[in-house]
Structures are given as structure tokens and as C-alpha cells.
Amino acid sequence: MAPIVGSQMLGTLRRIVQEVNNAPSLDVALQRIVLRVKQAMGVDTCSIYLRDSEQMYVLMATQGLNPTAVGRVRLSPKKGLIGLVGERAEPINLDDAPSHKCYQYFPETGEEAFHGFLGVPIIQQSQVVGVLAVQEVEGGRFEEDSVSFLITVAAQLASAIAHAEVTGDTERLLGKERRSDRPLVGLAGSAGVALGCAVVVYPPADLNAVPDRLVSDTAVEVQQLMAAVDAVRNDIKLLLVRLSDMGVSEDDRVLFEVYLMMLDSGGMVDKIVEYIDQGLWAAGALKKAVLEHVSVFEAMEDPYLSERALDIRDLGIRILAHLQNVPDRANDYPASTVLVGEEITATMLAEVPPGVLSAVISVRGSNNSHVAILARAMGVPCVMGVTDFPTGRVDGQEIVVDGYQGKVYIKPSVAISREYQRLVAEEREFSAELDGLRDEPAKTKDGVVIPLYANTGLLSDIGPSLKYGAEGVGLYRTEFPFIIRDRFPGEDEQCRIYRQVFDAFKGRPVVVRSLDIGGDKALSYFPINEENPFLGWRGIRVTLDHPEIFLVQMRAIFRASEGGDNLNILLPMVTNLSEVELAKQLISRAAKELEEEGVVIRPYQLGVMIEVPAAVFQAEQLARQVDFLSVGTNDLTQYLLAVDRNNPQVAHLFDSLHPSVLQALQHVVKSAHNSGKQVSICGEMAGDPAAAILLLAMGADSLSMNASSLPRVKWVIRNMTQRQAGQLLEEALQSDSAAATRERLNKVLNDVGLGGLLRAGK
Ligand code: PEP
Ligand code: MG
């Protein structure tokens, strides 16, 4: 055969990948691959074998072998050349296949006529999921370029195939029904676990389908438009009432106020009227104006701004539905509804009647999406950004949502289903059982006490924090009130929001972190476009460059805490001692100005977050500059392990139990104590019961976590001794890997009867 070289190979590959991505089903995708590969390589046959649930290699598609053999030829993983490729997980290139000792003859395929054989494994996350093989009647080894080509095709195929397996496509192809124990992975948008029935929601009308049409009576069109806009305004007001009935705080409902503002403020509606005045009918004018607005936002790279485009489109669609008199789709929402959609909007979420919403899955979107923010406010598990999710095929299906780990199981296997039912029941039981512990201290059996605080962001976090017995707020992420608005909140507005937190936790410490934007936290009205946002302009780097933002925030914080004595200020993303000095000067300036205005400034504590490796090594000097340290283990783990905290592809590598992370943490605790300062841990790690044991042993002075994690962590601490914890820490620091430490801790927790505290999959 003629070898495929260079640019030709790249072009062919691109075409194949595109065709595979556009294929309506796995079946079609596989057929296209074998056809295209056979053509491109000029070989006599090309076949794909996939591993089924019993680990057998099944012939799934072929060009050149007998087509009736598809689905019938099943090869044991230990047998034949296909089995050998799978077992070795490397290409096998033979000049005369029938003379190889592993050759196995299958009369169904008519294979005896072929001599040249090249098989390459299809590997996904280090597992062989199938084999791609080509054959030639003529003998002779395949050229190196051909081998490279086939390997590249197989690599491109792997993710499509793994995805198909998760969704049951491969089994469906074989005419079998299978339940899955492999999850699709997205981003953890809101904590909690749920089992339920998928209800797929989609927009009520299609803006893109509206034709352009000219009218002469524009007044009627304007009248219809205004009636539709009024109707949408009323719908949203009703949703607002419902959300408030469901306990979503006023602050969190601000998203919907923004919707109302979009309808009120002249902008978009004026534009639609302008197009009607030019002779377009109302629906056409609406489409034109909305799509123009949408494309302006979509063109921006900032993810939060793109999401604002979604809001505008959502509003436009709602107006269109009223213009077209589309009757309200009374979706049937069963008990335990798992709301699923390509792009779930905040209004779609609010439309679900109270009491039936179990979880939310949105194919697009991130933790910053309005829907994720609302889900957190409502305490509903939510997984965002589940790429490759088969939305079109899941309506009515049983589904498991793990909002702790960002995992989704479609039609889960009995084992998975049982495990999650256990977890849901356990969560319910815990909240009942642990109610009794609410006001008890987190005290080990040998008398060591460690305060447990809550991480908060939205005002709606206050309720759960108090409910779970938080002894204070260890981390108040002030960026949330900034994220959900469409402009910087003013000093008075910030003051009002912060005061509610101080008041709710009177007499208990509240650690307010200065604005930590950048990285994955963007403001729609303050775009930051960077190649590497996590290594860019974030946290204190932004606020020091914008003292006007920092000063206003500090003034609001001081004013909000006036009259109390629970103020602690925390600085995020500190990398240099000079940043702390500058921040201190600005904070003192804000305090001095306020004092001149008659505001009483009571003593407060200043702290620095340890989130950057550089800060670990200067922890002692940093501690000397301030009153306390607080370790952000989410970012510290991300930077120490070089693992993007939001990237599902490498999520398995993100583990704060990594021995290097543990050593860094211990170093920070010792450094703080050497300087006579306290140190708190406030990343997700603090809320992991197994990890909390180690943090306790290190001598951390407090732990701060999501409110929902408090009861479990308290329970573990109350059932441990400091001595036991110390031994486990010794082992963990010497351990080879995070996995080994996790296994060891899980075993210990199991042995002391705390196995139920472990999350599935951990
Ligand atoms: C952290 O990085 O661990 C932390 C607590 O801050 P955030 O998660 O808000 O970045
Ligand atoms: Mg951080």
C-alpha cells in the first residue's frame, strides 16, 4: 500500500474526526471510521472491535470482512491477535498473520484470505476499550507511517467510544440493555447526592426559526410586542415569588431582578421597536435585536459574559413564546425530578414546582452559571458542564447525580444505584442524628478541641451554617455578591450584605476575604482576558491594582462590622510580602478615613491565605506580618500538583492527600506556630472527614468548610483521639501516594465504625 504521509495524514484525520463527531450514533460513527480508514490506507479490510461488559472483544464494524459477522464474532481477551493487541496494549504489525501462534480462525469473517495484519489498541484513561485492525491479502509488514496513522485514529476514537459505553450505546448496538457503572464527569456545581428521574427541558420557542416578514401596520406589532413583554415580566415576578417561598434569599434572587431590568431598561426593547418601525413584524424584529445582543456577548471570551448571552437569549425566547401564543408547556415533573438540559437557565430551574426538584444537570455552563448559584442556594445537587451528555436520549431515565464529585450515572447499575440510595439515606439520617451534635464541640476523645467554621458566599449560606452548628465563618467569599450582579455593588449595598453575615454570627468570628476574582471567577462587567487565568491577574493582584475597588470594599466591611468584635479580614492569592504591606496600608487608610467620619473601628485581625507554593516557603515571614494564616487547599493543591482544579480530564490527579501537599501543610502550620500565630484550613480538604483527621493531627487551629460537611467532620473528630490521628499523619507523610493514604484512612474509619462517612468513589 502507499504510505500516508505528513499533511495528507493530518487532513484525512481531521475529516474522520469531524465525521465521527457529526455522526448521529455510535453505530454510524464506527461504520464511517472503518470505511474512511480503509480508503485512506488503501487496505483490504478495516475492522473495529470493542470490549463489552463481559470484557470480550466484539466485532462492531467492518469494511472488507463478512458484514454478517458484526456483533456475532466475540473474542476472549486472552485469545487471537485482537486479544494479543489488547493484552499488550500496543500495536502488533505482522507480515503473515495466519502463521502467528496466537492467530485464531473465525469462519464467519472469511479472514483466511488475509496475511498482512496491523492492530492498534483503543485506549481511554489507560484502559483498553477496543482494537482497530487493518488487513491485507498480500503479506508484508505495514510501513511506519501507516502504523502512526492508525494509532492516531485510535487515539481520537477513544473518547467517543468511552462516552458511548457510559451511555449504553455499545450495548444497545449489540442488542443488549445494560446498566452503567461508569459515570460521565462534569463540574461539581452544588454539593449533595440524588437519585431521580430525568426531565429534559428545552427552550419554549426557536428564535432562529423565525422568518423575516414585512408588515405595514407596525402599530399592531408594537402592541403585540409590548403585551408579550408584559407577560414575560409577570412570569418572572411569579417565579420570584415562588423562589422566595422556596427560601431563596433576596440577595440570590437578584439574578431575576436583572432579568426584569433588561425588560424595563430601554435598551433591548427599544431596539426591537426600532426594527418594527422599520417595517419588520414583531417576531422578526425581536429575533434581530436579541441575536445582535447575544452575538456581542458571545463574542467575548469571558465565560461569565457568555452566560449573560444565555440570559438575553432566554428572555428573547420567552417573549417569542408569548408572541406565538405557545401554550405554557406544563412539564410533567415527577417526584425526584432531575432537571436536565443543554443549557439550563435560572428560569427553567425556578419553573419546577416546589418539593420535587432533586438535582440539576446542565450540559453547558460552569460553577459560575446562575443555575449553579441558585442550586447551591436551594441546597439541590448540581453538575455542570457535562460534555458529551446524551440529552436527547435520557428523558424519563433513571439517573444518579453526585454533586460532590461532579459525576452523573445514566441508568446506573444495581450496585451504583444501591450505593447512592445508601448515601442519600445516610445523608438524611445524618442530618437527623447529627442534629443532636449541633451545639456540641468538635472535641476528640482525648480532649483536644478544634473549632469548626463554615465557608459562605451567598446570604443563603447563613441558614445552613447556623443549622449545622458552625462556630463562626472561617471564609466569607465576598466575590459571590459581585458575581451575581451586573455592576460593582456600591459601598452601601456591600455594607448591607456583609452586615447580615456579621449580625447572624454575632459574638462568633467572621473571616471576610477581600474580593477574589480572576482565575475561574469572572465578573461580567469587568472582563479579564488571559491565556492562563489561574496564573494571571487574580485575587489580591487585581485589588491592589485597583485600590478604588479595594478601598470601597474595606470601608463597607468596617461599616458592616461596626458595633461587633468579630471582624477578621483575609487576603487571597498572596505571593509576595510586599502585597501584604500594600494591603495593610490601604486597609489602615480606609479605617482612618472612616474614623474621621465618626465610624468606630474596633480591633480586628488580619490574615493571609496560603494558596501559592511561594507562600508556603515564606509562611513564617508572612505570619509575622499578620495575625493569622488560612490555607486555601483548593488552590494550593492545584498549584503544587499542577492540576487545574476545574478540569475533569485530570480530576483524578487532584487529591489534597498527596504527600507533597501534606508536607506543605505541615510546614505552614509549624511556620505559623513558630511566629506565635494561628492557622486555619479553609479549602474543600477541611470538609473531607478523612483529611480532617490529618489536619487535626498537624495542629491546625480551626477548620472551615461548606456547611453541609460540618456534621460529618465533627462526628469523625469526636470519635478519634489526637494520638490516633498523630499516628495516621506520620504514616501519611511517609506514604508513596494520595491513593495509599486514602485507602489507609478509609480502612481506619471503617474499623472504628465510621465507614458510612466515606463518599462513594473516594
Ligand atoms: C482555596 O483556594 O482553597 C480557597 C478556599 O479559595 P477558593 O476556593 O475560593 O479559591
Ligand atoms: Mg483560592
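The conditions of being away from ligand 2 (no atom under 16 Å from the Cβ), within 19 Å of L571 (Cα to Cα) and not β-branched (V, I, T) are met by K677. Selection over region 516-566 of residues that are free of Cβ contacts under 8 Å to residues at least 12 places away in the same chain and assigned to a helix (DSSP H, G or I) gives a count of 3. Within region 516-526, the residues that satisfy the criterion of being at negative phi and either within 12 Å of ligand 2 (Cβ to nearest atom) or of a type in the set (S, T, N, Q) (or both) are D516, I517, D520, K521, S524. Could you check region 679-726 and list, in sequence order, the residues that are among the acidic types (D, E) and touching a helix residue (DSSP H, G or I) at 6+ places or on another chain (Cβ under 7 Å)? Hit for region 679-726 is E684, nothing else. Within the bounds of region 42-53, is there any residue that is over 26 Å from R141 (Cβ atoms), assigned to a loop (DSSP other than H, G, I, E, B) and under 36 Å from the mean Cα position of the chain (by Cα)? Among the residues of region 42-53, at least one is over 26 Å from R141 (Cβ atoms), assigned to a loop (DSSP other than H, G, I, E, B) and under 36 Å from the mean Cα position of the chain (by Cα), which makes the answer yes. Assess whether R538 counts as being surrounded by 15 or more Cβ atoms within 10 Å (Cβ to Cβ), of a type in the set (D, E, K, R) and within 16 Å of ligand 2 (Cβ to nearest atom). Yes; evaluated as a whole, the condition is true for this residue. Put simply, of A299, A335 the only residue that is over 19 Å from the mean Cα position of the chain (by Cα), modelled with pLDDT of 85 or more and at negative phi is A335. The single condition among (1) out of contact with any helix residue (DSSP H, G or I) (no Cβ under 6 Å at 6 or more places or on another chain); (2) hydrophobic (A, V, I, L, M, F, W, C); (3) in the same structural domain as A560 (by TED's automatic domain parsing) that A432 does not meet is (3).
If you go through region 501-524 and keep only what is among the β-branched types (V, I, T) and over 17 Å from Y604 (Cβ atoms), you end up with just I517. Scanning region 472-499 for residues that are open to solvent by 10 Å² or more (accessible area, probe 1.4 Å) and touching a Leu at 6+ places or on another chain (Cβ under 6 Å) yields a count of 1. Looking at region 562-582, which of the residues that are of a type outside the set (A, V, I, L, M) and under 20 Å from D516 (Cα atoms) is nearest to ligand 1 (Cβ to nearest atom)? For region 562-582, the residue satisfying everything is P572.
Applying a threshold of 9 Å to beta carbon distances and a minimum spacing of six or more residues, or different chains, the list of pairs starting in region 409-421 at a residue that is at pLDDT 85 or above and ending at one that is assigned to a helix (DSSP H, G or I) and aliphatic (A, V, I, L, M) reads Y409/V166; Y409/I416; I410/V166. Residues considered: G130, G119, G71. Of these, the only one that is in a loop (DSSP other than H, G, I, E, B) and either in contact (Cβ under 8 Å) with a residue 40 or more places away in the chain or surrounded by 22 or more Cβ atoms within 10 Å (Cβ to Cβ) (or both) is G71.
Every residue, every condition in (1) among the acidic types (D, E); (2) within 16 Å of ligand 1 (Cβ to nearest atom); (3) over 25 Å from V668 (Cα atoms), yes or no:
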residue: K584; (1), (2), (3): no, no, no
residue: I601; (1), (2), (3): no, no, yes
residue: A623; (1), (2), (3): no, no, no
residue: Y639; (1), (2), (3): no, yes, no
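Kindly evaluate Q553 against the criterion of being among the polar types (S, T, N, Q), at pLDDT 95 or above and either open to solvent by 20 Å² or more (accessible area, probe 1.4 Å) or not assigned by TED's automatic domain parsing to the domain that holds M685 (or both). So Q553 does not fit the description; no. For region 396-408, does any single residue satisfy the condition of being surrounded by fewer than 16 Cβ atoms within 10 Å (Cβ to Cβ), assigned to a helix (DSSP H, G or I) and not charged (D, E, K, R)? For region 396-408, residues surrounded by fewer than 16 Cβ atoms within 10 Å (Cβ to Cβ), assigned to a helix (DSSP H, G or I) and not charged (D, E, K, R): absent.
Residues of region 54-68 that are within 19 Å of Q135 (Cβ to Cβ) and not in a strand (DSSP E or B): G64, L65, N66, P67, T68.
Within this structure, S216 fails the test of being closer than 25 Å to F488 by Cα, open to solvent by 10 Å² or more (accessible area, probe 1.4 Å) and part of a loop (DSSP other than H, G, I, E, B). When region 519-538 is filtered for residues that are of a type in the set (G, A, S) and within 15 Å of ligand 1 (Cβ to nearest atom), the ones remaining, listed by number, are G519, A522, G536. Highlighted here are the strands (runs of 3 or more DSSP E) found entirely within region 621-724 that include at least 2 residues which are touching a Cys at 6+ places or on another chain (Cβ under 9 Å) and crowded, with 24+ Cβ neighbours inside 10 Å: 628-631, 702-706. Applying the condition of being within 15 Å of ligand 1 (Cβ to nearest atom) and aromatic (F, W, Y) to region 442-489 and asking which residue is nearest to P689 (Cα to Cα) yields Y453.
The set of residues in region 692-716 that are away from ligand 2 (no atom under 16 Å from the Cβ) and at pLDDT below 95 comprises A707, S708, S709, L710, P711, R712, V713, K714, W715, V716.
Restricting attention to region 420-440, the residues that are under 24 Å from N719 (Cα atoms), under 27 Å from the mean Cα position of the chain (by Cα) and open to solvent by less than 60 Å² (accessible area, probe 1.4 Å) total 7. Scanning region 604-620 for residues that are polar (S, T, N, Q) and either within 14 Å of ligand 2 (Cβ to nearest atom) or assigned to a loop (DSSP other than H, G, I, E, B) (or both) returns a single hit, Q618.
Contact map, region 390-401: residues that are over 10 Å from V338 (Cα atoms) paired with residues that are open to solvent by 40 Å² or more (accessible area, probe 1.4 Å), Cβ distance under 6 Å, separation 6+ or inter-chain. Pairs shown: T391/E342.
Pairing each residue of region 89-113 that is part of a strand (DSSP E or B) with any residue that is surrounded by fewer than 16 Cβ atoms within 10 Å (Cβ to Cβ) and small (G, A, S), provided the two are 6+ apart or on different chains, yields C-beta distances under 9 Å for L94/G139. From L640, L544, L551, grab the single residue that is within 16 Å of ligand 2 (Cβ to nearest atom) and over 17 Å from L475 (Cβ atoms). Of L640, L544, L551, the one residue that is within 16 Å of ligand 2 (Cβ to nearest atom) and over 17 Å from L475 (Cβ atoms) is L640.
The values are calculated or read from the model by the stated rules, or taken from the named source; none is laboratory data. Note that this is a predicted model, so its numbers are computed, not measured. We place every Cβ from the backbone using ideal geometry, glycine too, and count neighbours over all the protein chains shown. For accessibility, only protein heavy atoms count, side chains too; no ligands or nucleic acids. Shrake-Rupley method; radii C 1.70, N 1.55, O 1.52, S 1.80 Å.
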